[in-house]
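Q: Here you go, one structure.
The values are calculated or read from the model by the stated rules, or taken from the named source; none is laboratory data. In this text the structure is predicted, and so the values were computed from the model without any measurement. Note: ideal-geometry Cβ built from the backbone for every residue, glycine included; neighbour counts use all protein chains shown.
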Amino acid sequence: MCRQYTEKLLPICQLIVTNIDFVDTGEYKCKTIHHDSESDTASAYILVSYPIRKLELHIDNETSLSVGQRTYIECQARAGKPAPQIRLNLGGLPISEARVVQKVDVEG
């Protein structure tokens, strides 16, 4: 709901959005309408996001491996919107992207 009132002879319209949710993401526009002049428009985009709820790291077999063995390491970020980028590091250095597969969990 837009409440309109006049302050110092200038029209002002305020929209107060409470309890923000994902449906509130989008472009908001303000448009002037006057019978003696052309209309004018200003806009702003609001992106609603929320933080990751849970971050997990899974390894599919023993953490002590022999040379030549294979393991599967999975890092899952739950419920971040927009979806976060995930990076794996080894000894503080990024692991080659050729070795990393990233999937988006649409169920969050």
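Q: Out of the residues in region 16-45 that are part of a loop (DSSP other than H, G, I, E, B) and within 20 Å of residue 82 (Cα to Cα), state the one that is farthest from the chain's Cα centre (by Cα). Walk me through it before giving the result.
A: Keep residues of region 16-45 that are part of a loop (DSSP other than H, G, I, E, B), which gives 16-21, 25, 32-40.
Okay, now just the ones that are also within 20 Å of residue 82 (Cα to Cα), so 19-21, 25.
Details: 19: 17, 20: 14, 21: 12, 25: 10 Å.
It comes out as 19.
Q: Right, something else. Just checking, does region 76-88 include any residue being over 30 Å from residue 20 (Cβ atoms) and not in a loop (DSSP other than H, G, I, E, B)?
A: From region 76-88, those over 30 Å from residue 20 (Cβ atoms) are 88; that's our starting set.
Restricting the remaining residues to those that are not in a loop (DSSP other than H, G, I, E, B) gives none.
For region 76-88, residues over 30 Å from residue 20 (Cβ atoms) and not in a loop (DSSP other than H, G, I, E, B): absent.
Q: Ok, one more. Go through (1) within 30 Å of residue 95 (Cβ to Cβ); (2) modelled with pLDDT of 80 or more; (3) of a type in the set (S, T, N, Q) and name the single condition residue 43 misses.
A: Only one criterion in (1) within 30 Å of residue 95 (Cβ to Cβ); (2) modelled with pLDDT of 80 or more; (3) of a type in the set (S, T, N, Q) is unmet by residue 43, namely (1).
Q: Return only the number of the condition from (1) modelled with pLDDT of 85 or more; (2) in contact with a Phe, Trp or Tyr (Cβ under 9 Å, 6 or more places away or on another chain); (3) assigned to a strand (DSSP E or B); (4) not charged (D, E, K, R) that residue 48 does not satisfy.
A: Single failed check for residue 48: (3).
Q: Scanning region 51-60 for residues that are part of a loop (DSSP other than H, G, I, E, B) and not aliphatic (A, V, I, L, M), which turns out farthest from residue 84 (Cα to Cα)?
A: The selected residue is 60.
Q: Across region 58-75, which residue is surrounded by the fewest Cβ atoms within 10 Å (Cβ to Cβ) among those that are farther than 30 Å from residue 21 by Cβ and of a type in the set (A, V, I, L, M, F, W, C)?
A: If we take residues in region 58-75 being farther than 30 Å from residue 21 by Cβ and of a type in the set (A, V, I, L, M, F, W, C), then 67 is surrounded by the fewest Cβ atoms within 10 Å (Cβ to Cβ).
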